[in-house]
Amino acid sequence: MSKIAIIILSDTNTIEAMGKVSNAFMMASEAIEMGDELKIIFEGAGSKWISQLETEDHRLHTLYKEIKEHVTGVCSYCAQVFGATKQVENAGLKLISEYKQHPSLRQLVHDGFEVITF
């Protein structure tokens, strides 16, 4: 069993970004299927994805719902900067502020997670 942390940094404003998030979700789906320990964190401009993914008619909504229970949370600082705090809270996701209002990526490495960014 692997320990995988997927960090989604991509903004929401291009088709390339949607491709990155789709690929992140496919990797997450495979990890879940294989029984890996998985954490998914939205960081930076990636924090803006939550409002879109929560919308039922979004192209990635179904994939998102399948992996949502593995979403560890969203960067507290970045959600504030990108105006996504309310949407994150409405989605029932945790705002992470382990290190200076950000998730501690270093702690993930320390805990043995392979950190992969999209």
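The values are calculated or read from the model by the stated rules, or taken from the named source; none is laboratory data. Note that this is a predicted model, so its numbers are computed, not measured. Counting neighbours? That spans all protein chains shown, and the Cβs are built from the backbone with ideal geometry, glycine included.
Test of understanding: among 38, 95, 60, which residue is over 17 Å from residue 4 (Cβ atoms) and either modelled with pLDDT under 95 or within 12 Å of the chain's Cα centre (by Cα) (or both)?
Values: 38 fails: over 17 Å from residue 4 (Cβ atoms); 60 fails: either modelled with pLDDT under 95 or within 12 Å of the chain's Cα centre (by Cα) (or both).
The unique qualifying residue is 95.
Listed residues 62, 72; which is closer than 18 Å to residue 12 by Cβ and either of a type in the set (Val, Ile, Thr) or buried (at least 21 other Cβ atoms within 10 Å of the Cβ) (or both)? Steps first, answer last, please.
Values: 72 fails: closer than 18 Å to residue 12 by Cβ.
Exactly one of 62, 72 is closer than 18 Å to residue 12 by Cβ and either of a type in the set (Val, Ile, Thr) or buried (at least 21 other Cβ atoms within 10 Å of the Cβ) (or both), namely 62.
Can you find even one residue in the stretch 81-91 that is touching a helix residue (DSSP H, G or I) at 6+ places or on another chain (Cβ under 9 Å), farther than 21 Å from residue 13 by Cα and touching a residue at least 60 places away in the same chain (Cβ under 8 Å)?
No, the stretch 81-91 contains no residue that is touching a helix residue (DSSP H, G or I) at 6+ places or on another chain (Cβ under 9 Å), farther than 21 Å from residue 13 by Cα and touching a residue at least 60 places away in the same chain (Cβ under 8 Å).
Give me a count of the residues in the stretch 21-36 that are assigned to a helix (DSSP H, G or I) and loosely packed, with under 12 Cβ neighbours inside 10 Å.
First, pick out the residues of the stretch 21-36 that are assigned to a helix (DSSP H, G or I): 21-34.
Applying the additional criterion that residues be loosely packed, with under 12 Cβ neighbours inside 10 Å yields 33-34.
Residues in the stretch 21-36 being assigned to a helix (DSSP H, G or I) and loosely packed, with under 12 Cβ neighbours inside 10 Å: 2 in total.
Testing residue 43 on (1) in contact (Cβ under 8 Å) with a residue 12 or more places away in the chain; (2) more than 15 Å from residue 10 (Cβ to Cβ); (3) not small (Gly, Ala, Ser), one condition comes back false. Which one is that?
(2)
So is residue 86 more than 25 Å from residue 110 (Cα to Cα) and among the basic types (Lys, Arg) or not? Walk me through it before giving the result.
Numbers: more than 25 Å from residue 110 (Cα to Cα): yes; among the basic types (Lys, Arg): yes.
The answer is yes for residue 86.
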